[in-house]
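Please read the structure below before turning to the comments.
The values are calculated or read from the model by the stated rules, or taken from the named source; none is laboratory data. These numbers were taken from a predicted model, which means no experiment stands behind them. Here the Cβ positions follow ideal geometry from the backbone for every residue, glycine too, while neighbour counts run over all protein chains shown.
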Amino acid sequence: MNIDFPPPSKGTYNNAGSSRQLANYLEHEDMQRMEQGIYTEGFFNLTDDNVYKSQVIKDIDGNIRQLLKTDAKFYAI
């Protein structure tokens, strides 16, 4: 399944800030699909199929190393 993300410049999320807005957007999209009876997978990583949204946000936001505040911390492709 392909999901079309709006670019960060459209105001849905800011990839130089927290990933919380994007995670909320993705979760909202899943809720709409579940209401229509469409199967959703939720968040996952390399080792786990069911990852809590809070853990996703923590992992992405914490992986900043030497990034500046204005540098992109994640990309939606």
Could you check how many residues of segment 34-76 are of a type in the set (A, V, I, L, M, F, W, C), closer than 19 Å to ASN24 by Cβ and either modelled with pLDDT under 80 or in contact with an Asp or Glu (Cβ under 7 Å, 6 or more places away or on another chain) (or both)?
3
Considering residues that are surrounded by 10 or more Cβ atoms within 10 Å (Cβ to Cβ) and part of a helix (DSSP H, G or I), the number found within segment 32-46 is 3
Members of segment 1-31 found to be closer than 22 Å to LEU68 by Cα, among the polar types (S, T, N, Q), part of a loop (DSSP other than H, G, I, E, B) and modelled with pLDDT under 65, listed by number
THR12, ASN14, ASN15
